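> I have a structure I would like to understand better, so I am pasting it below and will then ask my questions one at a time.
The values are calculated or read from the model by the stated rules, or taken from the named source; none is laboratory data. Bear in mind that the values here come from a model prediction, so they are computed numbers and not experimental data. Note that we place each Cβ from the backbone using ideal geometry, even for glycine, and neighbour counts take in every protein chain shown.
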C-alpha cells in the first residue's frame, strides 16, 4: 500500500458563503484501502468539503486536488467525480422508492449510455447481478425499493455508488473506487449497522477506499482506520483511530475537555404539568413518555435517526403515529388520529426545521406570511381588509425586530434569522399553549440567534409549554431547562440544570454513556 499514491489529496481548500468561511485552508489526505472518518460538529465544514469534491461547490482559487496521484483541475465539473472514480452516498440515499432494485442500480449507466433509447434489460440484469454479487449483497432485482429494509436500501445505494465510480474510467479494471458515505447508519438499528459495516469492509478489502462521515463515535471507533477532524472550517487533527481514546476524540471535535466548560443553568420551575405525552410511537420512536411543565423549555436531542427529530411532527400530526396520547391542560388527544388541523384546535403550534419548504411561502410577502394563521380576522364579508392587515403586520414585525420592517417585501428576500423571526411572530400571535420547535436557530447568525432565544424564553415566561427538538448541542445547552437524550428511538438520559452542557450532551448522544433514565 505504501507504493501507491494517496487516493485523495485535497490541499489548501477554502470556501466562503457571504462573510462566513465554511472552509479555511483545509488539507485532507486519504490513503488507499482505508476507512477514513471525517468528523466534526454541525457547521464544522464536513458537508462543504464533500460538496467541493463532488463538484457541487466551487472552492476559492489557490486550492489543489490530486486523485490517485493525478492532478485534477479545480473546480470540478458537475458529475466529473464519476470519471475520477469517486462515488457519493448522501443521507437521503437518492434512491427512487417507486422503482425496482434493478432500475435504481442501473439508472446512471443507462442515462450515460450512447444507446439509452434502446435498453437491453437482459444485459442490464446480468450486470446488476454481477454488481451485487461482487460485494455478496443479495437483493431481488424486481422488488420496489420502497419495500426494502432500511439497511438494504443503504447497501443498494453504496453498491450503486461503487459502480458509478467504476463507470467510464479507463482503469476501472484496477478497482480502487473512492466512496464517500454521509451518515449511512443514521436510520439503522444496531444489528443492521453491522451488516453495513461488512459491506464497507468488503469494499476496502477489494482495494477501494471509504470516507465515513458520522457523529456516532462508537461506530467511528469500530469501522475507521484513521480520522480527520474539522472545527470551524479548519482541520484540527488527523490520526489513527485506535491511538485515540473516546475522550480525546470528543476534545478534538469540541475544542475543550469535558470538564473545561461548565454552563450555568437554573433548575426548571416547579410549576404544574401543562402537557403530558404518553407512549408516543411511530417511525423511529418506541413508546416515548414524558411531561412538560408550564413555562418550561424541554429539549429533545440525539443523533440523526434517534427519533428526536420526529417528535414535534408526530405530536402535531404532520407525521402519522402508530400510538400515543397527548394531554394538554387536562384535555386528552389520540395521537394516532392527530392531524395538523386538530393540533391547532388543541392549542399547538409547530415551527418546522425547514422554514423554506414547510414553514413559509417564499413567493408571498412578509406581511402575507406573518398573517397566514389569522387571515380570517381580516375578512369582512368577502372583502379582505388589506390596510388593517398591513398595519397589524408592521406592528408585529416591529415587536419581533424583523429587519427591514417591510410587510410588502418578499419573504424569500429576508436573511435566515429574520425569516425565522417572521415565523415565530406568525405563531406567537396565536398564543399557543404548546409550542413545538425543530432546529429553531438553524442557519441564523449569532445576533439573531440570541434574539430568537429571548423570544422563546419570553413565551415560556408567559406560561407556554415548549418542546424543542435540536441537533445543535450548543443550542440545547443555551435554551433548554431540561433535556432528553434519545438513542435508537428511546430516551436514554435526562439532563437538568447545570448538567446541560454542550460537552455532556455530545458525550451522551454519541454513546459516552449507556445509562437508562426515564423522562418526566
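> Go through the range 478-502 and count every residue that is under 15 Å from residue 439 (Cα atoms) and either surrounded by fewer than 24 Cβ atoms within 10 Å (Cβ to Cβ) or without any contact (Cβ under 8 Å) to a residue 12 or more places away in the chain (or both).
Residues flagged as under 15 Å from residue 439 (Cα atoms) and either surrounded by fewer than 24 Cβ atoms within 10 Å (Cβ to Cβ) or without any contact (Cβ under 8 Å) to a residue 12 or more places away in the chain (or both) within the range 478-502 amount to 1.
> In addition: Of all residues in the range 88-106, how many are under 26 Å from the mean Cα position of the chain (by Cα) and either at positive phi or crowded, with 16+ Cβ neighbours inside 10 Å (or both)?
Final tally of qualifying residues: 9.
> In the range 69-87, how many residues are surrounded by 14 or more Cβ atoms within 10 Å (Cβ to Cβ) and either touching a helix residue (DSSP H, G or I) at 6+ places or on another chain (Cβ under 6 Å) or modelled with pLDDT of 95 or more (or both)?
Number of matching residues: 8.
> Filter the range 207-237 for residues that are touching a helix residue (DSSP H, G or I) at 6+ places or on another chain (Cβ under 9 Å) and at positive phi and give the result.
207, 233, 237
> Moving on to the next point. Test of understanding: among 302, 283, which residue is at pLDDT below 95, surrounded by 22 or more Cβ atoms within 10 Å (Cβ to Cβ) and within 22 Å of the chain's Cα centre (by Cα)?
302
> If you don't mind, another one. Among the residues of the range 319-354, how many are surrounded by 18 or more Cβ atoms within 10 Å (Cβ to Cβ), in a loop (DSSP other than H, G, I, E, B) and touching a helix residue (DSSP H, G or I) at 6+ places or on another chain (Cβ under 6 Å)?
Adding up the residues that qualify gives 1.
> Now, a different point. Criterion first (under 17 Å from residue 213 (Cβ atoms), out of contact with any helix residue (DSSP H, G or I) (no Cβ under 6 Å at 6 or more places or on another chain) and outside the structural domain of residue 160 (by TED's automatic domain parsing)) does residue 28 satisfy it?
yes
> Which condition breaks for residue 294 when tested against (1) touching a strand residue (DSSP E or B) at 6+ places or on another chain (Cβ under 6 Å); (2) buried (at least 18 other Cβ atoms within 10 Å of the Cβ)?
Status for residue 294: all satisfied but (2).
> Would you pick out the residues in the range 23-45 that are modelled with pLDDT under 90 and either over 26 Å from residue 222 (Cβ atoms) or buried (at least 23 other Cβ atoms within 10 Å of the Cβ) (or both)?
Correct list: 40, 45.
> Could you list, in sequence order, the residues of the range 217-233 that are within 26 Å of residue 14 (Cα to Cα) and surrounded by fewer than 16 Cβ atoms within 10 Å (Cβ to Cβ)?
Correct list: 232 only.
> I'm told residue 289 meets every condition in (1) modelled with pLDDT under 60; (2) out of contact with any helix residue (DSSP H, G or I) (no Cβ under 6 Å at 6 or more places or on another chain); (3) under 21 Å from residue 487 (Cβ atoms) except one. Can you identify the failing condition by its number?
(1)
> Has the range 394-402 got any residue that is in contact with a helix residue (DSSP H, G or I) (Cβ under 9 Å, 6 or more places away or on another chain) and within 30 Å of residue 290 (Cβ to Cβ)?
Among the residues of the range 394-402, at least one is in contact with a helix residue (DSSP H, G or I) (Cβ under 9 Å, 6 or more places away or on another chain) and within 30 Å of residue 290 (Cβ to Cβ), which makes the answer yes.
Yes or no, residue by residue, for (1) in a helix (DSSP H, G or I); (2) touching a strand residue (DSSP E or B) at 6+ places or on another chain (Cβ under 8 Å); (3) closer than 22 Å to residue 453 by Cβ:
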{"residue": "359", "(1), (2), (3)": "no, yes, yes"}
{"residue": "377", "(1), (2), (3)": "yes, no, no"}
{"residue": "391", "(1), (2), (3)": "yes, no, no"}
{"residue": "395", "(1), (2), (3)": "yes, no, no"}
{"residue": "407", "(1), (2), (3)": "no, yes, no"}
{"residue": "421", "(1), (2), (3)": "yes, no, yes"}
{"residue": "425", "(1), (2), (3)": "yes, no, yes"}
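> Continuing with the same structure: Hey, among the residues in the range 456-473 that are out of contact with any helix residue (DSSP H, G or I) (no Cβ under 9 Å at 6 or more places or on another chain) and part of a helix (DSSP H, G or I), which one's surrounded by the fewest Cβ atoms within 10 Å (Cβ to Cβ)?
Per the stated criteria, the residue is 461.
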